[in-house]
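One structure below.
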Amino acid sequence: MLMTGDQYIESLRKLNTRVYMFGEKIDNWVDHPIIRPSINCLAMTYELAKDPQYADLMTAKSNLTGQTINRFAHLHQSTDDLKKKVKMQRLLGQKTASCFQRCVGMDAFNAVFSTTYEIDQKCGTNYHKNFTEYLKYVQENDLTVDGAMTDAKGDRGLSPSQQKDPDVFVHIVERRADGIVVKGVKVHQTGSINSHEHLVMPTMALSEADKDFAVSFSCPSDAPGLFMVYGRQSCDTRKLEDGADVDLGNRKFGGQEALVVFDNVFVPNENIYLCGEAEFAGVMVERFAGYHRQSYGGCKVGVGDVVIGAAALAADYNGASKASHVKDKLIEMTHLNETLYCCGIACSSEGYPTAAGNYQIDLLLANVCKQNVTRFPYEIVRLAEDIAGGLMVTMPSEKDFKSDLVCGENGETLGDICNKYFVGSAVCSTEDRMRILRFLENICLGSSAVGYRTESMHGAGSPQAQRIMIARQGNIESKKQLAKNIAGIK
């Protein structure tokens, strides 16, 4: 059953999810002004799936049930599926100009599905059946699942089993006949509070000494012992101001990150997908990372489309749109953005079937895609800030623009003064000029930057993580041989 956006929001109210923020427990977190924009953003993944004009991108036929499902719960069955995933993500970035949070679950589904199949083949376990039944449940109920991979890690120079406090990694603390008990945390988890369920994976390749940390499982967001601490963002308390509108920039949508704490959470056997088979931890990590690095060739491109549009509007409103250097900057922004999209489509087009039957992207090209994402959005933002001008970060608040306080010798109000002196081109009102500049401030520096600027650097692994994979998969030896063959070296 495909839910609507409103049905999704109402489904969150039925959960007893424990959420903390600013040192307090947040009881009605669904309607909290800081959290709600991120919920609205995720709700768009449901709304567009119900819209007939987007059905081809937003929905798919499940290979498990034969039913029409949201593509975010789909196992890729072809390179066409992989390309539609990227196009869907670009569409949602265009609609929200923020992080819509559901990608990590989709990428986790596909990584865990193929990895559990291979674990069962070698070890005689039952993980693949467990996961297949779980995914059917997710698809049939149209659930949002947080794909949870990143641990706190503690001392990066030590393995998980060498840490002074092992809880900086999620690990098994007790094995029972009917399941396991886990303890630890997952950090900066995208959309975790807005999710119905969590799908946990290891964070790195592991040795046999670290087998207690080689664990993958699923559990509901309101499982006993599980709670979350909301991650604050730049400019977030603006949302708490009375009547806040213009100063918010992106008023309706936003991203979300949180600390997810597993405080002795019990996981039944049927929800376990890896339990001590350390040799497969790295496989699961590598596949998830590949899928998620592919994702950035869609979502960041969609947000980039909005940034380019906002910068062009700022040029119009500033009366500078005809300047040759402005035109050239918009061309450069478009070139960089479309290059990211090319990478996302390329690694999808070169996909191939796994032993389990779902499709894997080309891992080398996916890592090239994400490596570019660690750079190009920063240049796109720099150019947008250049075009917008310094007023983007120095203008008075919207309360000043609306103030009736008399401050001029001729009876002018504070609002009169601000609206008079911050006027731009005749094509727009002063308020509209302020709106687009605040929007750019938000997306380049503020709350939406979590889903575009900084997250472009560290999401799906930091730049060095991609460079390690590029070195591993670049096959330099074969390139040497090509040169030898042509140069006549035997």
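Could you tell me how far the Cα centroid of region 132-186 sits from the Cα centroid of region 345-393, in Å?
Cα centres, region 345-393 to region 132-186: 27 Å.
Please state the charge dipole magnitude for the chain, taken about the Cα centre, from unit charges on C-beta atoms (+1 on K and R, -1 on D and E), reported in debye and rounded to the nearest 20.
Charge dipole of the chain: 1440 debye, to the nearest 20.
Given the whole protein assembly as supplied and a 1.4 Å probe, what does the accessible area of Cys275 come to in Å², nearest 10?
The accessible area comes out at roughly 30 Å².
Quick one: Cα centre-to-centre distance for region 433-489 and region 18-80, in angstrom?
Comparing the Cα centres of region 433-489 and region 18-80, I get a distance of 26 Å.
Projected onto the charge dipole of region 77-156 (+1 at Lys/Arg Cβ, -1 at Asp/Glu Cβ, origin at the Cα centre), which of Ile119, Val104, Gln89 gives the Cα projection farthest towards the positive end?
Most positive-ward Cα: Gln89.
If a/c stays under 1.5 just call it rounded; otherwise compare a/b with b/c (prolate if a/b is bigger, oblate if not). Do that for region 28-96, with a ≥ b ≥ c from the square roots of the Cα gyration tensor eigenvalues.
Prolate shape, in that a/c is at least 1.5 and a/b is the bigger ratio.
Say the dipole of the chain comes from +1 at the beta carbon of Lys and Arg and -1 at that of Asp and Glu; which of Met228, Leu274, Ser38 then lies farthest toward its positive end?
Toward the positive end, the furthest listed residue is Leu274.
Treating the beta-carbon of each Lys and Arg as +1 and of each Asp and Glu as -1, no other charges, what is the dipole magnitude of region 57-180 about its Cα centre, to the nearest 20 debye?
That gives region 57-180 a dipole magnitude of about 580 debye.
Determine the shape class of region 210-312: with a ≥ b ≥ c the square roots of the Cα gyration tensor eigenvalues, call it rounded for a/c under 1.5, and otherwise prolate if a/b is greater than b/c, oblate otherwise.
oblate
Using a 1.4 angstrom probe on the protein heavy atoms only, could you order Asp362, Asp107 from most to least accessible area? Could the numbers behind the result be given before it?
Values: Asp362 40, Asp107 0 Å².
Ranked list, largest accessible area first: Asp362, Asp107.
Can you sort Arg472, Arg71, Arg13 by solvent-accessible area, 1.4 Å probe, largest first? Display every interim value, and only then the final one.
On the way: Arg472 150, Arg71 5, Arg13 95 Å².
Highest to lowest solvent-accessible surface, that is Arg472, Arg13, Arg71.
What FRET efficiency would be calculated for the residue pair Ser462, Thr413, taking the C-beta separation as r and a Förster radius of 51 Å, to the nearest 0.05?
Rounded to the nearest 0.05, the efficiency is 0.55.
Can you list residues whose amide H is under 5 Å from His198's amide H, if they're 5+ apart or on another chain and H is modeled 1.01 Å from N?
Residues meeting the amide H criterion: Asp146, Cys219, Ser221.
When all protein chains stay in place, what accessible area (Å², nearest 10, 1.4 Å probe) is found for Glu431?
Accessible surface of Glu431 is approximately 80 Å².
Angle check, please: helix 127-141 long axis (alpha carbons) against the longest principal axis of the chain (alpha carbons), in degrees 0 to 90, nearest 10.
40
In debye, nearest 20: dipole of region 197-281 around its Cα centre with unit charges on the Cβ of K, R (+) and D, E (-)?
The dipole magnitude comes to about 340 debye.
Of all beta bridges DSSP finds with both residues in the chain, what is the antiparallel percent, to the nearest 5?
Taking every DSSP beta bridge within the chain, about 85 percent pair in antiparallel fashion.
Roughly what % antiparallel, to the nearest 5, for the DSSP beta bridges in region 117-209?
Among the beta bridges of region 117-209, antiparallel pairing accounts for roughly 60 percent.
Which residue, chosen from Thr413, Gly255, Phe288, occupies the Cα position most advanced towards the positive end of the dipole of the chain, where the dipole is computed from +1 (Lys, Arg) and -1 (Asp, Glu) charges on Cβ about the Cα centre?
So the residue furthest toward the plus end is Phe288.
Going by the alpha-carbon gyration tensor, a ≥ b ≥ c the square roots of its eigenvalues, is region 302-387 rounded (a/c under 1.5) or, if a/c is not under 1.5, prolate (a/b greater than b/c) versus oblate? Can you show the working numbers first?
Working: a/c = 3.81, a/b = 3.31, b/c = 1.15.
Prolate.
Kindly express, to the nearest 10 degrees and within the range 0 to 90, the angle between helix 103-123's C-alpha long axis and the longest C-alpha principal axis of the chain.
Compared with the principal axis, the helix lies near 10 degrees.
Round to the nearest 10 and report in Å² the accessible area of Tyr117, as given by a 1.4 Å probe over the protein chains' heavy atoms.
Here the residue's solvent-accessible area equals roughly 70 Å².
Listed highest first by mean packing, meaning other Cβ atoms within 10 Å per residue, what order do 195-205, 149-159 come in?
Ranked from most to least packed, the peptides come out as 195-205, 149-159.
Tell me, what is the per residue accessible area of the chain in Å², probe radius 1.4 Å?
Per residue, the chain has an accessible area of 41 Å².
Where does each of Tyr359, Tyr230 land when they are ordered by accessible area, with a 1.4 Å probe and the largest first? Mind dumping the intermediate values first?
Numbers: Tyr359 50, Tyr230 20 Å².
The residues order as Tyr359, Tyr230, largest area first.
The values are calculated or read from the model by the stated rules, or taken from the named source; none is laboratory data. As the structure is a prediction and not an experimental result, all values here were calculated from the model. Neighbour counts are summed over all protein chains in view; Cβ atoms, including those assigned to glycine, are modelled from backbone coordinates with ideal geometry. Surface areas here come from the heavy atoms of the whole protein model, side chains and all, with no ligands, DNA or RNA. Shrake-Rupley method; radii C 1.70, N 1.55, O 1.52, S 1.80 Å.
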